[in-house]
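Below is one structure, written out as structure tokens; comments come after it.
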Amino acid sequence: MPRYFFNTANGHVERDTEGEELRNGDAAQGLAVRYLGDILRDNPPDIWGDGEFRVDVTDEAGLILYSLTVIGMIAPAARPF
């Protein structure tokens, strides 16, 4: 089975060094969505930090196959003066 790696980026990149053996790209896409959902649920401040949070799914050679990006923006009306 192919191994997929789920790297995150939020101002800095955190590389997944273990990866997951999954049956195909569809399974990797599904896991990427669940992984990002877990991050959104468990660590909401991470999304608002630099305004963008990304999960890149790579193959064993490091080639990006899939990418999910969430953009958190604090509107000017909500910012203190």
Reported set for the range 9-51 where residues are in contact with a Phe, Trp or Tyr (Cβ under 6 Å, 6 or more places away or on another chain) and part of a strand (DSSP E or B) is Glu20
Residue pairs within 7 Å by beta carbon, gap of at least six or interchain, first lying in the range 7-25 and surrounded by fewer than 16 Cβ atoms within 10 Å (Cβ to Cβ), second in a loop (DSSP other than H, G, I, E, B) and modelled with pLDDT under 95, listed first then second, are Gly11/Asp50; Glu21/Met1; Arg23/Met1
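Matching residues to (1) within 12 Å of Asn7 (Cβ to Cβ); (2) touching a strand residue (DSSP E or B) at 6+ places or on another chain (Cβ under 8 Å):
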| position | (1), (2) |
| --- | --- |
| Asp42 | no, no |
| Glu52 | no, yes |
| Leu65 | yes, yes |
| Ile74 | no, no |
| Ala77 | no, no |
| Pro80 | no, no |
Restricting the range 57-73 to residues that are in a loop (DSSP other than H, G, I, E, B) and at pLDDT below 95, the one surrounded by the fewest Cβ atoms within 10 Å (Cβ to Cβ) turns out to be Met73
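The values are calculated or read from the model by the stated rules, or taken from the named source; none is laboratory data. From a predicted model like this one, the values you see are computed outputs, not experimental measurements. Quick reminder, even Gly has a Cβ in these numbers, built from the backbone with ideal geometry, and neighbours come from all protein chains shown.
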